[in-house]
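Taken together, the values in this text are just the output of simple stated rules run on the coordinates, not laboratory data. On a predicted model such as this, the values are computed, not experimentally measured, just so you know. Note that each Cβ is placed from the backbone with ideal geometry, even for glycine, and that neighbours are counted across all protein chains shown.
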C-alpha cells in the first residue's frame with residue numbers, strides 16, 4: 001500500500017492563479033480530509049468527505065473547493081490564489097469502523113502564493 | 001464544541017531527560033484520543049492512541065493515559081533521544097469518528 005499520496009510536493013503560484021492539489025489513498029478509506037498548517041500553528045480543517053459524492057465544509061473553507069467522485073481521490077481546488085493561502089496542505093483519510101478511527105496523513109504540499 | 005489544548009513549546013531537553021507534554025481536552029461523550037508526531041518536512045504519523053477511559057497508549061517508549069476525571073492525555077517518555085526531535089500533536093476524534101480536533105503542536109528538540 002502506498003497509503004495517502006499527494007502531488008505536487010511544492011508549488012509557487014502568483015496571486016490570482018488557480019491550481020488543484022491532488023490526493024489519493026489506496027486503503028479503501030471512506031473518510032478523507034484536507035487540512036492546512038500555517039507556520040507554528042496546528043491543523044485547520046478545510047473540507048472533508050464521508051464518501052464518494054459527499055463533501056462538507058470544515059473550519060476554513062473559503063477560497064477552496066473539493067470534489068469526491070471516487071473513493072480513492074479527493075482533489076482540492078484553489079480558484080484565485082491569495083497570499084493568505086500560503087501554507088502546507090495535508091490530505092488525510094480514515095476508515096470509520098470500530099477500532100480503526102485513526103487518521104493517515106499524506107506527506108503534504110507546500111504552497112507559496114506571491 | 002470539542003477542542004484540545006496542549007502545552008506551548010518549544011521544549012528543549014538534553015538526551016536521556018524525562019519528557020512530559022501536557023494535553024487536556026473538552027468533548028461531549030466519549031472521544032478517542034491520539035498523539036501524532038511530525039518529523040521535519042513530513043506529514044503527521046500516529047504515535048499512540050487510546051479509545052476509552054483509563055486506557056494507556058504506548059509506542060517507541062512513549063506513553064499516555066486517557067484520564068476522564070481530569071480530561072487529560074499527557075505524553076511521557078522516560079529517556080528522550082536526539083531522534084525524538086519533532087513536533088507532537090495531541091488530537092481527539094468525536095463520537096461519530098468523522099471529526100478530528102488537533103492541538104497546536106509542541107516542538108521538541110533533544111540535544112546531545
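Tabulated data for the structure shown
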quantity: Cα centroid separation - region B:2-50 against region A:1-70, whole Å; calculated: 23
quantity: Gyration tensor verdict on chain A (Cα atoms; rounded if a/c is under 1.5, prolate if a/b is larger than b/c, oblate otherwise); calculated: prolate
quantity: Shape category assigned to region A:17-59 from the gyration tensor of Cα positions, a/c cut at 1.5; calculated: prolate
quantity: Whole-angstrom Cα spans of region B:1-82 along principal axes, big to small; calculated: 38, 26, 21
quantity: Residue exposure sequence - B:73, A:90 - by fewest surrounding Cβ within 10 Å; calculated: A:90, B:73
quantity: Nearest-0.05 FRET efficiency for residue A:15 and residue B:82, computed from C-beta distance (R0 41 Å); calculated: 0.50
quantity: Theoretical FRET efficiency, 1/(1+(r/R0)^6), r = Cβ-Cβ of residue A:22 and residue B:5, R0 22 Å, to 0.05; calculated: 0.05
